[in-house]
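S.K.: Have a look at this one before I ask anything.
The values are calculated or read from the model by the stated rules, or taken from the named source; none is laboratory data. The structure displayed is predicted, hence computed values, not measured ones. FYI the Cβ positions are ideal-geometry reconstructions off the backbone, even for glycines, and counts take in every protein chain you see.
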Amino acid sequence: MAYEHILYSVEDGVARISLNDPKTMNGITEPMGHEMTDALDRAAREARAVLLTGEGNGFCSGANLSAAQDMLADPMRDVGGQLDRAFNPVILAIKRMEQPVITVIRGPAAGYGAGLAAAGDVVLMADNAFFFCAFCHVGLVPDGGATYLLAQAVGRVRAMQMMLLGEKIDARTALDWGLATKVVPEAELDAEAMKLARSLAAGPRALGMIKRLAWDALDSSLETALQAERSSQRIAGRTEDFLEGVTAFVEKRKPAFKGR
């Protein structure tokens with residue numbers, strides 16, 4: 001697929017996927033959603049870690065509502081249709097891929113962008129970034145998995161505050177609430193993101209298993225989680241990376257993992 005609405009590149013085992021409509025602060029449209037899903041599937045084949053970010057001064061301002069104006073005259077309109085067609089597949093692709101995904105946020109992560117940002121396995125925010133569940137201000141409900149992802153990250157009451165009141169949550173508050181992994185000065189954001197991504201890309205194959213176990217644990221019992229850990233440990237223990245990790249530990253050197 002040729003990309004018109006996103007940028008895609010791979011360097012040092014890191015796939016960088018960037019929403020590319022800075023004039024709307026990367027308001028997402030159906031074509032952009034299709035391209036993002038394709039790029040994530042491509043990164044699952046070509047990379048060992050993923051950076052997901054936005055061009056310009058914003059991460060993602062949510063769905064581009066100007067693209068939905070043609071629907072307003074239809075009383076039977078289904079605004080949710082675009083979720084099935086283009087937006088939800090992006091969130092599911094992030095969850096199911098083995099590679100760790102770092103969401104790199106400057107400026108707004110608003111509307112759908114709030115769910116997209118929270119879907120990252122590592123959430124890196126600039127000091128000028130903020131979450132903004134603005135749906136209540138336009139008469140819609142949260143999407144992009146926000147009702148699930150935010151409640152899991154910050155608890156029901158704080159998630160309700162974000163979604164019912166439509167308040168902006170700045171980067172420092174997001175960090176305090178457990179919604180962000182790290183906050184850095186805006187000027188350092190890209191360098192710090194690449195540093196983290198290179199570190200993950202150099203990690204063992206077990207990182208993909210850790211990601212899967214953590215996602216699955218959100219919806220499983222302790223008993224199920226224990227069994228899933230046991231099964232994954234069998235697989236991890238048979239990898240070349242495990243052999244390298246133990247050997248490097250004994251030899252008191254840094255391991256050189258190959259993702260195998």
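S.K.: Would you say residue 113 is crowded, with 17+ Cβ neighbours inside 10 Å, at pLDDT 95 or above and in a loop (DSSP other than H, G, I, E, B)?
M.R.: Numbers: crowded, with 17+ Cβ neighbours inside 10 Å: yes; at pLDDT 95 or above: yes; in a loop (DSSP other than H, G, I, E, B): no.
For residue 113, the condition - crowded, with 17+ Cβ neighbours inside 10 Å, at pLDDT 95 or above and in a loop (DSSP other than H, G, I, E, B) - is not met.
S.K.: Suppose we filter region 64-94 for residues that are out of contact with any Asp or Glu (no Cβ under 8 Å at 6 or more places or on another chain) and touching a residue at least 60 places away in the same chain (Cβ under 8 Å); how many remain?
M.R.: Residues in region 64-94 being out of contact with any Asp or Glu (no Cβ under 8 Å at 6 or more places or on another chain) and touching a residue at least 60 places away in the same chain (Cβ under 8 Å): 2 in total.
S.K.: Could you figure out which of (1) within 24 Å of the chain's Cα centre (by Cα); (2) of a type in the set (Gly, Ala, Ser); (3) assigned to a helix (DSSP H, G or I); (4) under 23 Å from residue 12 (Cβ atoms) isn't true of residue 228?
M.R.: (4)
S.K.: Where in region 1-81 are the strands (runs of 3 or more DSSP E), entirely inside, with at least 3 residues that are under 24 Å from residue 128 (Cα atoms)?
M.R.: The qualifying strands (runs of 3 or more DSSP E) are 14-19, 49-54.
S.K.: Same structure, new question: What tally of residues in region 48-67 results from selecting those that are in contact with a Gly (Cβ under 9 Å, 6 or more places away or on another chain), surrounded by fewer than 24 Cβ atoms within 10 Å (Cβ to Cβ) and farther than 23 Å from residue 137 by Cα?
M.R.: Summing the residues that are in contact with a Gly (Cβ under 9 Å, 6 or more places away or on another chain), surrounded by fewer than 24 Cβ atoms within 10 Å (Cβ to Cβ) and farther than 23 Å from residue 137 by Cα in region 48-67 gives 1.
S.K.: Separate question: Restricting the search to region 111-150, which residues are over 28 Å from residue 192 (Cβ atoms) and either in contact (Cβ under 8 Å) with a residue 12 or more places away in the chain or of a type in the set (A, V, I, L, M) (or both)?
M.R.: Correct list: 135, 136, 137, 138, 140, 141, 142, 143, 147.
S.K.: Next up: Here are some conditions: (1) over 30 Å from residue 137 (Cα atoms); (2) acidic (Asp, Glu); (3) in contact (Cβ under 8 Å) with a residue 40 or more places away in the chain. Residue 186 meets all but one. Which one does it not meet?
M.R.: (1)
S.K.: Here's a follow-up. Name, by its number, the condition in (1) in a helix (DSSP H, G or I); (2) closer than 21 Å to residue 189 by Cβ; (3) not charged (D, E, K, R) that does not hold for residue 120.
M.R.: (1)
S.K.: Can you tell me which of (1) part of a loop (DSSP other than H, G, I, E, B); (2) at pLDDT 95 or above; (3) under 22 Å from residue 37 (Cα atoms) is the one residue 144 doesn't meet?
M.R.: (2)
S.K.: While we're here: Can you tell me how many residues in region 107-153 are over 11 Å from the mean Cα position of the chain (by Cα) and at negative phi?
M.R.: 29
S.K.: Looking only at region 215-255, count every residue that is aliphatic (A, V, I, L, M), without any contact (Cβ under 8 Å) to a residue 40 or more places away in the chain, under 20 Å from residue 99 (Cβ atoms) and surrounded by fewer than 16 Cβ atoms within 10 Å (Cβ to Cβ) and tell me the total. It would help to see each step written out before you state the result.
M.R.: So in region 215-255, the residues aliphatic (A, V, I, L, M) come out as 217-218, 222, 225-226, 228, 235-236, 243, 246, 248, 250.
Pick out the ones that are also without any contact (Cβ under 8 Å) to a residue 40 or more places away in the chain and you get 217, 222, 225-226, 228, 235-236, 243, 246, 248, 250.
Cutting the leftovers down to under 20 Å from residue 99 (Cβ atoms) gives us 217, 228, 235-236.
Checking the rest, the ones that are also surrounded by fewer than 16 Cβ atoms within 10 Å (Cβ to Cβ) come to 217, 235.
Total meeting the criteria: 2.
S.K.: Same structure, new question: Within region 163-195, take every residue that is outside any helix (DSSP H, G or I) and of a type in the set (Gly, Ala, Ser) and give me the one that is surrounded by the most Cβ atoms within 10 Å (Cβ to Cβ).
M.R.: 180
S.K.: I'm told residue 260 meets every condition in (1) out of contact with any Lys or Arg (no Cβ under 7 Å at 6 or more places or on another chain); (2) part of a loop (DSSP other than H, G, I, E, B); (3) closer than 22 Å to residue 13 by Cβ except one. Can you identify the failing condition by its number?
M.R.: Answer for residue 260: the failing condition is (1).
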